[in-house]
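The structure appears below as structure tokens.
The values are calculated or read from the model by the stated rules, or taken from the named source; none is laboratory data. These figures come from a predicted structure and were not determined experimentally. Every residue, glycine among them, receives a Cβ derived from its backbone with ideal geometry; neighbour counts consider all protein chains shown. All accessible areas refer to the heavy atoms of the entire protein, side chains included, with ligands and DNA or RNA removed. Shrake-Rupley method; radii C 1.70, N 1.55, O 1.52, S 1.80 Å.
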Amino acid sequence: MSEFSIHTFLPALAAVQPVGSSSGFCIALSGGSDSMVLLNIMAELRTHNPQLNIRALHVDHQLHAQSAQWASHCM
């Protein structure tokens with residue numbers, strides 16, 4: 001497994017939102033580690049590009065015993 005690099009993430013991001021698009025991104029946030037990491041990455045990108053629109057919407061998949069606790073953390 002290779003280590004994460006923001007520079008390898010940027011091309012994938014550009015593939016789903018071409019440069020110049022103003023629609024932004026909506027992050028489905030469950031509170032689990034993967035969605036929290038994605039939100040943190042996007043927030044970091046926003047510090048370098050203030051025009052980047054990001055929304056986080058909580059989604060409780062109820063697949064983990066702690067999902068209710070995660071929900072309260074996300075609110």
* Structure fact -> So the helices (runs of 4 or more DSSP H) completely within the chain holding 1 or more residues that are acidic (Asp, Glu) and either exposed (fewer than 10 other Cβ atoms within 10 Å of the Cβ) or at pLDDT 85 or above (or both) are 33-48
* Residues that are closer than 25 Å to residue 7 by Cβ and either of a type outside the set (D, E, K, R) or touching a Lys or Arg at 6+ places or on another chain (Cβ under 7 Å) (or both), drawn from region 44-75 -> 45, 47, 48, 49, 50, 51, 52, 53, 54, 56
* Structure fact -> Taking first residues from region 53-75 that are closer than 17 Å to residue 39 by Cα and second residues anywhere that are modelled with pLDDT of 85 or more and open to solvent by 70 Å² or more (accessible area, probe 1.4 Å), the pairs with Cβ under 7 Å that are 6 or more apart or on different chains are 54/46; 55/26; 57/26
